[in-house]
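To start, the structure itself, in C-alpha cells.
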Amino acid sequence: MKRLIELLKFMMPWDSISIQPVKSDGPRLWKDLLTERQIEVLQCAIREGYYSENKKVSVKDLAETMGMARSTMGGHLKLIENVIMGKVADDLG
C-alpha cells in the first residue's frame, strides 16, 4: 500500500488524491437494508433464474414456488429492487 501511495504521489498532484474506506460489511450491509423475508424472496428469484439473461421464470412462477399471491411477489420484488438500486445510486454519488 505504501508503495502505491508513493507512486500515486509521483504521478498525480497530492491534492487530487483521496483515500476512501472500503466497506467490508458484505452480507451484513444487505441484512441491514432488506428484511429477512425480502432476502428469502431475492434468493428464490436468483435461484429460479428470474434475473438471468434468458429469463424463463415469471413473477407468477416465483409466487407459486414461495406459496404467495402473484401481486405479493411483485410487490416484494419491486421493493427489493428499489432498495438495491437506491444503494447503488448512493454509492455512485
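State yes or no: is Ser16 exposed (fewer than 10 other Cβ atoms within 10 Å of the Cβ), hydroxyl-bearing (Ser, Thr, Tyr) and modelled with pLDDT under 90? So Ser16 fits the description; yes. Would you check if Gly67 is within 19 Å of the chain's Cα centre (by Cα) and either modelled with pLDDT of 95 or more or surrounded by 14 or more Cβ atoms within 10 Å (Cβ to Cβ) (or both)? The answer is no for Gly67.
When the stretch 32-64 is filtered for residues that are assigned to a loop (DSSP other than H, G, I, E, B) and in contact (Cβ under 8 Å) with a residue 40 or more places away in the chain, only Leu34 remains.
How many residues, within the stretch 70-86, are basic (Lys, Arg) and surrounded by 14 or more Cβ atoms within 10 Å (Cβ to Cβ)? Selection size over the stretch 70-86: 1.
The values are calculated or read from the model by the stated rules, or taken from the named source; none is laboratory data. What you are looking at is a predicted structure, and each value in this text was computed from that prediction instead of being measured. We place every Cβ from the backbone using ideal geometry, glycine too, and count neighbours over all the protein chains shown.
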